[in-house]
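Let me begin by presenting the structure, written as structure tokens, before commenting on it.
The values are calculated or read from the model by the stated rules, or taken from the named source; none is laboratory data. Note that the coordinates shown come from a computational prediction; the quantities given were computed from them, not determined experimentally. No Cβ is skipped: glycine too gets one built from the backbone with ideal geometry, and neighbour counts run over all protein chains shown. Just so you know, the surface numbers come from the protein's heavy atoms only, side chains and all, with ligands and any DNA or RNA stripped out. Shrake-Rupley method; radii C 1.70, N 1.55, O 1.52, S 1.80 Å.
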Amino acid sequence: MIPVKKSALSYAKEYLFITIGIELYVLGWVIFLIPNNLIGGGVTGLASIIQYATSGKIMAGTTYFFVNLLLLIAALFTLGKNFGGKTVYAIILASITLNIGQDLIPKEICQMLAVDNGKLLSTIIGGGLSGIGIGMTMSNGGSTGGTDIVALIINKYRNVSPGRMLLFIDAMVILSSLFVPSYTESGEIMPWTEKIITIVYAFILIMVNSSVLDLYLSGSKQSVQLFIFSKKYDEIADAITNDFRRGCTVMSGTGWYTKSDVHVVVVLTRKADLNMLLKYVNLVDPDAFISVASVTGVYGKGFETFKFNKKKTQ
């Protein structure tokens, strides 16, 4: 039997995608949002509010790091050590790049790409980039920290989408900016009317962010159903059970064209694991006939779980 195990390359791939996700998230803020004095939700939104209120003396990355330390402690107890390790890496990377990115990226680039194109377009692009970054990080077992951690903790026990939970929390952060003075890069205090407009853009931002996040996560969690017709069905079924740690069903039938007995292996797996499974089947039996179909709403061990509010019984 050919062993199929998660190699060091798989772990390296996860951290690579987490790194890419974090950089997309940071670029959305550093290039498109912060130069326009835009705010958002979560810890990053809170960090941006503090940066504007202190005229840049307290950088967004600094606030982001220290606030996340408190939230990370809660995540370690509820989401596991593996999640915590990847999230620590993501938080440190995001904290550093949020600070140095504002110094490394030339002001001319921010002016050309963001400021000159207006706040609305910058809000849409920045929200899209940050949403993809969060989704890419979450789907590989990590988090960009902050309210993402809160959303994942709640999602673990309740059937509420992370994007919808982030939407609620972010709204609270955005409204709090009304009570904090904001200064532009030139040192001028932001007028009250402009703050109201900024809040409108902020709500557009979190809508774009949460929508992109849910779209990304729903795609990464998609499952597939395989019907595998092979004379080596027993070897393939054993590999799926023992090496892939997936359940499967072997059904008996009759090939009506050949009038001979056949066995069909039926298996449900994540779309992300499909290529590995197909490669293995091809190694065992290059002549295997395989049908692959996308499915939704797969519940049970190894997939989604039913999450309901438990009613107290008298």
Keeping all protein chains in position, work out how much accessible area residue 139 exposes to a 1.4 Å probe, and write it in Å² to the nearest 10. 50
Residues residue 207 and residue 121, FRET efficiency given R0 of 22 Å [Cβ-Cβ distance, rounded to 0.05]: 0.90
In nm, to one decimal, how far is the modelled label at residue 270 from the one at residue 225, with both set 7 Å along Cα→Cβ? 2.1
Given the options 114, 73, 100, identify the residue whose Cα lies farthest towards the positive end of the charge dipole of segment 34-135 (+1 on Cβ of Lys, Arg; -1 on Cβ of Asp, Glu). 73
Per-residue HN-Hα couplings for segment 85-91, Karplus 6.51 cos²θ - 1.76 cosθ + 1.60 at θ = phi - 60°, whole Hz, x for Gly and Pro? x, 5, 6, 4, 4, 5, 5
Beyond 23 Å (Cα-Cα) in this structure, taken from 86/107; 13/231; 231/279; 119/195; 13/271; 13/232, we find 86/107; 13/231; 13/232
Mean Cβ-within-10 Å packing, highest first, puts peptides 41-48, 85-92 in the order 41-48, 85-92
What is the distance, in nm, between label points placed 7 Å from the Cα along the Cα-to-Cβ direction at residue 295 and at residue 77? 3.8
Might you work out the accessible area of residue 158 for me, using a 1.4 Å probe with all protein chains in place, and round it to the nearest 10 Å²? 100
If each of residue 171 and residue 262 carries a label point 7 Å out from its Cα toward its Cβ, how far apart are those two points in nm? 5.4
Keeping all protein chains in the complex and leaving out DNA, RNA and ligands, what accessible area do you get for residue 78 with a 1.4 Å probe, in Å² to the nearest 10? 40
Most packed first (mean Cβ within 10 Å per residue), the peptides 193-202, 125-134 order as 125-134, 193-202
